[in-house]
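Asker: Structure incoming, see below.
The values are calculated or read from the model by the stated rules, or taken from the named source; none is laboratory data. Quick caveat: nothing in here was measured; it's all calculated off a predicted structure. Using ideal geometry, Cβ is built from the backbone for each residue, glycine included, and neighbour counts are taken over all protein chains shown.
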Amino acid sequence: MLAGMIGALLAQEGLPHTAAVAAAWVHARAAELCGSNIRGITLRDIYAHLHDAWTIDRSATVPVYPALAHLPRVA
């Protein structure tokens, strides 16, 4: 999944470092949103939280991660 995200962002942006960093951050954030789970986190769990990880909640009381402000728009 991570390799696919990097490839898609690389195709859209053309900047390898930016694509890798953005994809890794969103992938990790999606894993965090899965919460702790005794059975572990599967790829399906990460996929289920990917949209929430990519979306910026501007009304949230927690600080907005500045990296998300620069992520490319997903088509």
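Asker: Scanning segment 1-36 for residues that are more than 18 Å from Asp52 (Cα to Cα) and polar (S, T, N, Q), which turns out surrounded by the fewest Cβ atoms within 10 Å (Cβ to Cβ)?
Answerer: Gln12
Asker: Under 8 Å between Cβ atoms, which residue pairs at least 6 apart in sequence (or on different chains) link something in segment 40-57 that is assigned to a loop (DSSP other than H, G, I, E, B) with a partner that is surrounded by fewer than 11 Cβ atoms within 10 Å (Cβ to Cβ) and modelled with pLDDT under 85?
Answerer: That search, which allows pairs on different chains as well, returns Ile56/Ala69.
Asker: On the given criteria, is Thr55 among the hydroxyl-bearing types (Ser, Thr, Tyr) and modelled with pLDDT of 70 or more? It would help to see each step written out before you state the result.
Answerer: Numbers: among the hydroxyl-bearing types (Ser, Thr, Tyr): yes; modelled with pLDDT of 70 or more: yes.
When the stated conditions are applied, Thr55 passes them.
Asker: Looking at (1) modelled with pLDDT of 90 or more; (2) in a loop (DSSP other than H, G, I, E, B), can you tell me which one Ile6 breaks?
Answerer: (2)
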